[in-house]
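Asks: Take this structure first; my questions come after.
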Amino acid sequence: MSVPWNLLTPTVRGNMSTIISNVVRTMKIMDIKLYKAIVIVLKSKIGAEKYAVLLTQNVSNGSNDQKRLVLMVAQGYRNSKKMGNLMKRTRVITAPKRVCPMSSNQGFLPHYVLVKKVNNAIKKSIMELGIQTIEPLHANIYQIQVNDAQFEKLHRCLKKIGLGLVFKDKSISNIDGILHIEGENYDVNVDPNSLENISGRYGPNKDRIIRIPNYERLRIYGDYVSQRVYDAVSDMSPFNWIINGLTGDYCTTLHKMSTENFDKINIKLKEVSLELATTRSTYFEISYVVIPTKSSGLSSLYSRTHYV
C-alpha cells in the first residue's frame, strides 16, 4: 500500500491518501454523502468516460470494476476515519470580526451581534472540552490539536449555542499573507435562525426585570404566599425590591446584567427552592417571575397550607 494509487490503473490497489483527502473535502464543501462524493472525485480523476467503461469490465456475480473501485475507496475512507479518531491534527478556527445584524421580528430594526461574546463562547467551549490549544495567530483565530472524535464533539457543542463550523480550505490568509499550516481551516458563523441568537444571546447585556407575583391575587403560578417568598430573598444581593401598590407584586430590575452573573443569582435562588420563569424576552430586556421549585420538597414552605 506504500505505492500511490495510479489513476491509469484505477482498480489496482495503492495508497489512496490523496484521493481520500479529496473525497473528504468534497463532502464538506458540497455537504453530500460519501458515495456521491466518491463518484464525483473518481470521475474528475480518471475521467467520466473511463469511469463509465468500468461498469462493463470484469462483470461477475452482480459486481463490476466500477463497483469494486467505489468500494475500495469507501474502505480507504473508513480506514482513514479509524486512524483519524486516534491521530490528533491541527485545526484552525476563525471567528468572525463582525456579524451582520439580526432581526428578532420581521419588519423590526435589526440588532447588532457582539463578536466579543461570540469569541468568548468559542473559548469557553474549547476550554470545557479540555481541547489542547496552540498559541493563537490572531485574536479571533484559534489553533487546536484534536482528533476527529474531539473535533466532532466541539462541532456539536458549538451548534447547541448557535454557532456553526464551515470548512474553508487547507491554508489561512492573514495580514501577513498565506500561512502554511498543516491542517484544516474553518470559519465560524452565527446562526440567524436560532431563536436565542436573534433574541440577543450574542447581543448587549440585558435589563433583568424580576417580579414576585401576588400569588393570592393570581393563582396561575400556584397556591403560594408572596410574603413568604419575599422573606426568603429580601436580603439576597443584588436585589432591591419595591412593592407595586396597584398589583401587590414585589419588583426589582437588574440593569445590564450579563448571563454569567445572572447564572449566579439562579444558583442562590435554587438554594432556597426558588427559580425564575421567563415571561417576556426582547433584545434589550427579559422579564421573569419568581416561583417555588415544585420538584423540591421545600417548595411547600411557600404554600398557603403550610403553617410554621
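The rows are residues; the columns are (1) touching a residue at least 60 places away in the same chain (Cβ under 8 Å); (2) farther than 30 Å from S103 by Cβ; (3) of a type outside the set (D, E, K, R).
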residue	(1), (2), (3)
P213	yes, yes, yes
D235	no, yes, no
F239	no, yes, yes
G245	no, yes, yes
L254	no, no, yes
N261	no, no, yes
K270	no, yes, no
T293	no, yes, yes
Y302	yes, yes, yes
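Asks: Now a separate question. So, of the residues in region 265-303 that are loosely packed, with under 13 Cβ neighbours inside 10 Å and charged (D, E, K, R), which turns out to be modelled with the highest pLDDT?
Replies: Filtering first and then ranking leaves E271.
Asks: Could you grab me the full set of residues in region 86-109 that are at pLDDT below 85, closer than 30 Å to E196 by Cβ and either assigned to a loop (DSSP other than H, G, I, E, B) or not assigned by TED's automatic domain parsing to the domain that holds I131 (or both)?
Replies: Within region 86-109, S103, S104, N105, Q106, G107, F108, L109 meet the criteria.
Asks: What do you reckon, is P213 modelled with pLDDT under 90 and not charged (D, E, K, R)?
Replies: Working: modelled with pLDDT under 90: no; not charged (D, E, K, R): yes.
So P213 fails the test.
Asks: Here's a follow-up. Regarding region 62-85, can at least one residue be identified that is among the basic types (K, R), modelled with pLDDT of 90 or more and part of a helix (DSSP H, G or I)? Even if it seems obvious, please write down each step before you answer.
Replies: To start, the set of residues in region 62-85 that are among the basic types (K, R) comprises 67-68, 78, 81-82.
Pick out the ones that are also modelled with pLDDT of 90 or more and you get 67-68.
Still in the list and also part of a helix (DSSP H, G or I): 67-68.
Looking through region 62-85, at least one residue is among the basic types (K, R), modelled with pLDDT of 90 or more and part of a helix (DSSP H, G or I).
The values are calculated or read from the model by the stated rules, or taken from the named source; none is laboratory data. In this text, all values refer to a predicted model and were calculated from it rather than measured experimentally. A quick note on method: Cβ atoms are made from the backbone with ideal geometry, for glycine too, and the neighbour counts reach across all protein chains shown.
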